[in-house]
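The values are calculated or read from the model by the stated rules, or taken from the named source; none is laboratory data. Just so it is clear, the structure is predicted and the values come from calculations on it, not from any experiment. Neighbour counts are summed over all protein chains in view; Cβ atoms, including those assigned to glycine, are modelled from backbone coordinates with ideal geometry.
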Amino acid sequence: MSAGSASPDREDRPKGGLFYGWYIVATVFFMQTVSCGLIFYNLSIFLKAFVSQSGFSVSAVSSATASFFVAGGVAGLGVGWLMDRYDPRIIITFGAFCAATALASAGHVHELWQLYAFYVLFGIGNAAVAVIPGTTIVARWFNRQRSRAIAYASTGLSLGGIVFTPISVTLIQRIGLGEASYWLALVLVLGTVPISWFFLRPDPASMGLAPDGDAPVLDADGRMLAPDGISFADAVRSRFFVLFTTAYVFSMMAQVGSLAHQFRLVSSRTGDDHIAAWAVSVMAAASITGRLVGGSVLSRVSSKRYLQGVFVLQALSFTLFAFAEGVTALMIVSAMFGATVGNMQMMQPLIMAEAFGLKAYARILSLAQMITTCANAAGPALIGLIYERAGGYQPAYLLIAFASVIGIVSLTAAGPVRALIDKR
């Protein structure tokens, strides 16, 4: 019997205390709170800061933001390959220092090439410090409890928006982009590098353990069994991989575009940066709630059906964003949108593990995220272009609502999640 097929009523802790996998979850949670709060959620803050303090146009910064996603997507391929070969703490440390270097330089960005260089370095750092390393490590430590573990760990993605968006806005307003960026860079390094070296371990086998705290299963030679799953070549040629990735291309392009412009949209419609910062925080709080609800609901509902519901809610949110004007309406729609953000970020790595197993998980996930992330690059630029050409955010948000509908159709056509695994 494999480790993944152990009795479901076995305790999730070995003799001697709490299963170490939950310490891994807590560590990844904390690291993603810091890294995503200071990198991903700061994209909309820097968009406005570069426009108001550095003199760039909205379309110029929106287009440069696209390079963040392209660079991150390409770098993610390398991260996936390296995760299978080296200590992930080395990769995370490299990513933290790359992103921190970009952050520290924000106040010195005055030319267009410097703007693009900032976002390229920022994107590379994000790829190496955030989602791919954290999700891969958590997935290796759990089988039965994987959806709950990934839900808890990835909650840090959203908590980072709640904690660091108001801090970033306040610092930039009070001491300026140049000085604030140094402090933000320092917090990024101190909040990710030390904790990774103290607590992270690449997989349970490195500690003589098995996923979920089960007893290790050994082969005839007394060695621990290798992770089960589909080969990289078989996975990427499958119908499910192609159409599931297509669904994420359109849906995440729309989501990332909205995330990059949400702060400015709310600020322009209310005339208050602090209200805009609260809208981002409301979105992030709803993201946490949605993700935790998802981790519980997924034990009773199929992952694909649940994700279809999330896609529908996102399309509705964008349609409402196109017309929302007052503070109350904008906060309500921000909460609706936030519920989809947390779930969509959680569901891609979770379904990839469910569909293809762990044999080549890091490489499969990194390829899917590279394709998705490069497409994401079009989101902020597309909204910025339509905003300037059409004279407002309404037509831009109606367009990305339609992109979400394309995602729904692609996901529906992808077929069963476990088709390849079940054939084996």
(message) I need the full set of residues from the stretch 288-298 which are under 15 Å from the mean Cα position of the chain (by Cα) and either closer than 10 Å to Ile162 by Cα or not in a helix (DSSP H, G or I) (or both), in order please.
(response) Ile288
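Got at least one residue in the stretch 207-215 being assigned to a helix (DSSP H, G or I) and either at pLDDT 85 or above or surrounded by fewer than 19 Cβ atoms within 10 Å (Cβ to Cβ) (or both)? Before you say what the answer is, go through the steps one by one.
Filtering the stretch 207-215 for residues assigned to a helix (DSSP H, G or I) gives 207, 211-213.
From the residues that got through so far, the ones that are either at pLDDT 85 or above or surrounded by fewer than 19 Cβ atoms within 10 Å (Cβ to Cβ) (or both) too are 207.
Yes, the conditions are met somewhere in the stretch 207-215.
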(message) Give me the residue from the stretch 262-277 that is of a type outside the set (D, E, K, R) and crowded, with 22+ Cβ neighbours inside 10 Å and, out of that set, nearest to Ser317 (Cα to Cα).
(response) Gln262
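State yes or no: is Asp221 modelled with pLDDT of 70 or more and out of contact with any helix residue (DSSP H, G or I) (no Cβ under 6 Å at 6 or more places or on another chain)?
On the way: modelled with pLDDT of 70 or more: no; out of contact with any helix residue (DSSP H, G or I) (no Cβ under 6 Å at 6 or more places or on another chain): yes.
Considered against the rule, which asks whether it is modelled with pLDDT of 70 or more and out of contact with any helix residue (DSSP H, G or I) (no Cβ under 6 Å at 6 or more places or on another chain), Asp221 comes out as no.
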(request) For residues that are touching a Pro at 6+ places or on another chain (Cβ under 8 Å) and aliphatic (A, V, I, L, M), scanning just the stretch 47-72, find the one that is farthest from Val109 (Cα to Cα). (result) Ala66
(request) Specify the residue that is surrounded by the fewest Cβ atoms within 10 Å (Cβ to Cβ); the eligible residues are those in the stretch 294-324 that are among the small types (Gly, Ala, Ser), out of contact with any Lys or Arg (no Cβ under 6 Å at 6 or more places or on another chain) and more than 12 Å from Thr340 (Cβ to Cβ). (result) Ser299
(request) Would you check if Val280 is in a helix (DSSP H, G or I), β-branched (Val, Ile, Thr) and buried (at least 21 other Cβ atoms within 10 Å of the Cβ)? (result) yes
(request) Residue by residue through the stretch 103-155, note down the ones that are assigned to a helix (DSSP H, G or I), more than 30 Å from Ser299 (Cβ to Cβ) and of a type in the set (S, T, N, Q). (result) Gln114, Asn126
(request) Might you let me know whether the stretch 102-118 holds any residue that is among the hydrophobic types (A, V, I, L, M, F, W, C), out of contact with any Lys or Arg (no Cβ under 8 Å at 6 or more places or on another chain), within 29 Å of Ala205 (Cα to Cα) and free of Cβ contacts under 8 Å to residues at least 60 places away in the same chain? (result) no
(request) Please go through the stretch 325-362 and pick out each residue that is surrounded by fewer than 22 Cβ atoms within 10 Å (Cβ to Cβ) and over 30 Å from Ser238 (Cβ atoms). (result) Glu325, Gly326, Val327, Thr328, Ala329, Met331, Ile332, Ala335, Met336
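Per-residue answers, yes or no, for (1) at pLDDT 90 or above; (2) aliphatic (A, V, I, L, M):
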position: Phe69; (1), (2): no, no
position: Ile91; (1), (2): yes, yes
position: Gly95; (1), (2): yes, no
position: Gly107; (1), (2): no, no
position: Phe118; (1), (2): yes, no
position: Ile124; (1), (2): yes, yes
position: Pro133; (1), (2): yes, no
position: Pro166; (1), (2): no, no
(message) I need the full set of residues from the stretch 49-100 which are surrounded by 20 or more Cβ atoms within 10 Å (Cβ to Cβ), in a helix (DSSP H, G or I) and among the aromatic types (Phe, Trp, Tyr), in order please.
(response) Phe50, Phe68, Phe69
(request) Would you list the helices (runs of 4 or more DSSP H) that sit entirely within the stretch 350-424 and hold 3 or more residues that are within 30 Å of Asn143 (Cβ to Cβ) and modelled with pLDDT of 85 or more? (result) 361-376, 394-413
(request) Scan the stretch 146-176 for residues that are in contact (Cβ under 8 Å) with a residue 60 or more places away in the chain, of a type outside the set (Ser, Thr, Tyr), farther than 18 Å from Phe40 by Cβ and surrounded by fewer than 21 Cβ atoms within 10 Å (Cβ to Cβ) and jot them down. (result) Arg148, Gln173, Gly176
(request) Identify the single condition in (1) in a helix (DSSP H, G or I); (2) among the aliphatic types (A, V, I, L, M); (3) closer than 30 Å to Thr412 by Cβ; (4) free of Cβ contacts under 8 Å to residues at least 60 places away in the same chain that Val301 does not satisfy, given that it satisfies every other one. (result) (1)
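Return yes or no: is Leu103 over 16 Å from Thr136 (Cβ atoms) and surrounded by fewer than 17 Cβ atoms within 10 Å (Cβ to Cβ)?
Working: over 16 Å from Thr136 (Cβ atoms): yes; surrounded by fewer than 17 Cβ atoms within 10 Å (Cβ to Cβ): no.
Spelling it out, it is not the case that Leu103 is over 16 Å from Thr136 (Cβ atoms) and surrounded by fewer than 17 Cβ atoms within 10 Å (Cβ to Cβ).
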